[in-house]
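Have a look at the structure below, then the notes.
The values are calculated or read from the model by the stated rules, or taken from the named source; none is laboratory data. In this text, all values refer to a predicted model and were calculated from it rather than measured experimentally. All Cβ positions, glycine included, derive from the backbone under ideal geometry; neighbour counts span all protein chains shown. Side chains included, ligands, DNA and RNA excluded: accessible areas come from the protein's heavy atoms. Shrake-Rupley method; radii C 1.70, N 1.55, O 1.52, S 1.80 Å.
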Number of protein chains: 2
Amino acid sequence: MTIAERLTWRDVYDTIQGRILDATYPPGTRVPRDEDIALDLGCARATVQRAMRALADEGLIERKRKGGTHVLRLPATRATFHIPVARLEVEATGARYGYQLVSREEADAPRAVAAALELHAPARMLHVRALHLANQRPYLFEDRWICVETVPEILDVDLSRENANEWLLQNRPYSRCDLRFFAMKASADEAALLQAEEGDALFGIARSTWNGADPITTVTALAPPGYELHSRA
Amino acid sequence: MTIAERLTWRDVYDTIQGRILDATYPPGTRVPRDEDIALDLGCARATVQRAMRALADEGLIERKRKGGTHVLRLPATRATFHIPVARLEVEATGARYGYQLVSREEADAPRAVAAALELHAPARMLHVRALHLANQRPYLFEDRWICVETVPEILDVDLSRENANEWLLQNRPYSRCDLRFFAMKASADEAALLQAEEGDALFGIARSTWNGADPITTVTALAPPGYELHSRA
DNA sequence: TGACATATTATGTGCATACATTTTATTGTT
DNA sequence: AACAATAAAATGTATGCACATAATATGTCA
């Protein structure tokens, strides 16, 4: 004899997701209101709400007050990526991580940097270039500008030993982050640093971060041919 | 005189996030238990729970039963991307969308395709290549393999008029999706199709989808130089 | 000392209820 | 017929409570 177990929101989630996947609720159609589903499945409305919110977060359904719940016509294809913290990424592959400072100098923000950080006035910056290595081989080259006004302590950090990215992450949490992925041809310089050929296709990641309105840093990271960014959902 | 308004979970969220960002709760430290925060801020524990779950989902904190809540040392650097449905992406820029079938033929799955879809046995596939255009210019070139056994109806779809990607999304929802982003040099063929130069750096998106254990499709989409994938958080 | 059973604790979940919010539908007025 | 005021409907949220679950700390016994 089966015991009348309580449904968890996960059960409801699975049920509804199943009905969407097997087209019991086809794309574009309306899903019954929470209360009816609750009645149907035999649980509280709050439980259905919890499940529905999860489904909505994942982009399968759309909810509107009074409008009800609808299955999206084109399910939102979104992917969550873990942005590489180079050291962790390298270590995860079992390789030995290495770090090498290429250059470090104070300078005023050039046009492109000011634009990336949405600066309105000229700003003093620390310009750092560094290499991340996996088993002695170039893994990622980063070209970074750090806003000295926002992060004055950075001037006292020994960046020949410590990785600017991780120092910033641990000491300057950010509240906003802009990301861009792109492909570009390697210049002679970049090719040399990455031990690649000039003109090779590099994978680029550009990131800018702020805390509130204060600009923190903007980086462009380049990966040699063969690099891939993964995600599974 | 201010009315004693109730706190919403969003208020609690903002408060705690603020305390993390201004290092009231520094990285690695423990955050008070939900009940104490509730008592402190003057709301119900459930409200705190709601806020904490959101913060945990976003990768700022980590929660463990009995272990309590901790601020992560390296705040999860993750980003959510909306994978382009080419037509919508083009239309969003105000350009006119166009679609052009390049080739269509039935064939057995070659090695690479079988691997991408984790096929154990040889499988009959439909191989489709197509161009997405923005204002008549190449925007994205897709090379797609569709599993005929899982999606037999695809053989009856007029792919010279209808876009395989959207047809599949609307008719074959998937439960799993693998994604890869990469950069590669354009071959002569690809360059011609994308009106680029041979050897140009192309941005690549490879996607495979399944419904349950059934393989649906695997695509490689290539974008001409200048293409960027964005995300802001 | 070490291993295993047991208690404790913080988060996770389900439920019932009341009310808030938003958007649509209806009604009424000019 | 057009427009504004009003009602209605669905989801969203806050609360209190009881209990479930998982991880840690404690205690007992060999």
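What shape does region A:9-71 have by the C-alpha gyration tensor, where a ≥ b ≥ c are the square roots of the eigenvalues, rounded means a/c under 1.5, and otherwise prolate means a/b greater than b/c and oblate the rest? It is rounded, given that a/c, with a ≥ b ≥ c, falls under 1.5. Taking the Cα centre of each part, how many Å lie between region B:1-61 and region A:134-185? Taking the Cα centre of each part, region B:1-61 and region A:134-185 sit 29 Å apart.
Rolling a 1.4 angstrom probe over the protein heavy atoms with all chains in place gives the protein assembly as shown an accessible area of 52 Å² per residue. In terms of its C-alpha gyration tensor, the protein assembly as shown comes out oblate, because a/c is 1.5 or above while a/b does not outweigh b/c.
Placing a label point 7 Å from Cα along the Cα-to-Cβ axis, B:R6 is separated from the same position in the other copies by 2.2 nm, shortest listed first. Computed from backbone phi with θ = phi - 60° and the Karplus coefficients 6.51, -1.76 and 1.60, the 3J(HN,Hα) list for region B:36-46 is 5, 5, 4, 4, 4, 7, x, 8, 7, 4, 4 Hz; x is used for glycine and proline. Ranking A:Q195, A:L169, A:P224 by Cα position along the charge dipole of region A:141-233, where only Lys, Arg, Asp and Glu carry charges on their C-beta atoms, puts A:L169 farthest toward the positive end.
List the relative contact order of chain A as a percent without decimals, with contacts defined as Cα pairs under 8 Å and 6+ residues apart. It rounds to 14 percent for chain A. Considering only A:R172, A:R45, A:R104, the mean-square fluctuation computed in a Gaussian network model of chain A, springs between alpha carbons under 10 angstrom, is largest for A:R45. Between B:R53 and B:E162, the contour length at 0.36 nm per residue exceeds the alpha carbon distance by 35.0 nm.
Estimated at the nearest 10 Å², the accessible area of B:C147 is 10 Å² with a 1.4 Å probe.
Of the trypsin sites (Lys or Arg not before Pro) found in region B:121-199, the ones in coil according to DSSP and having at most 14 other Cβ atoms within 10 Å of their Cβ are B:R161. Any chance you could give the angle, 0 to 90 degrees and rounded to 10, that helix A:9-21 forms with the longest Cα principal axis of chain A? It is inclined by approximately 90 degrees. Report the net charge of residues surrounding A:D40, where surrounding means a beta-carbon distance below 12 angstrom and charges are Lys +1, Arg +1, Asp -1, Glu -1. Within the 12 Å Cβ shell, the charges total 0. Other residues lying with their Cβ under 13 Å from the Cβ of A:A192 contribute a combined charge of -4, Lys and Arg counting +1, Asp and Glu -1. Accessible area per residue was computed with a 1.4 Å probe on protein heavy atoms; A:L39 scores about 140 Å². Relative contact order of region A:1-101, taken over Cα pairs closer than 8 Å and 6 or more residues apart, is 25 percent.
Our coupling estimate for region B:223-230, obtained by passing each phi through the Karplus curve with A = 6.51, B = -1.76, C = 1.60 and θ = phi - 60°, is 10, x, x, x, 5, 9, 10, 10 Hz, Gly and Pro reported as x. So what's the net charge close to A:L88: Lys and Arg +1, Asp and Glu -1, counting the other residues with Cβ under 12 Å from its Cβ? My count for the surroundings of A:L88 gives -1. Carbon-plus-sulfur accessible fraction, the protein assembly as shown (probe radius 1.4 Å, protein heavy atoms only): 48%. Once the C-beta distance of A:Q136 and A:R78 is scaled by a Förster radius of 35 Å, the resulting FRET efficiency is 0.40 to the nearest 0.05. When nucleic acids and ligands are ignored and a 1.4 Å probe is applied, B:H82 ends up with an accessible area of around 110 Å².
Computed on region B:104-213, with alpha-carbon pairs under 8 angstrom and 6+ residues apart, the relative contact order is 21 percent. Residues of region A:202-219 falling in the label zone of A:A112, defined by backbone nitrogen less than 18 Å from a point 7 Å along Cα to beta-carbon, are A:202-209, A:217-219.
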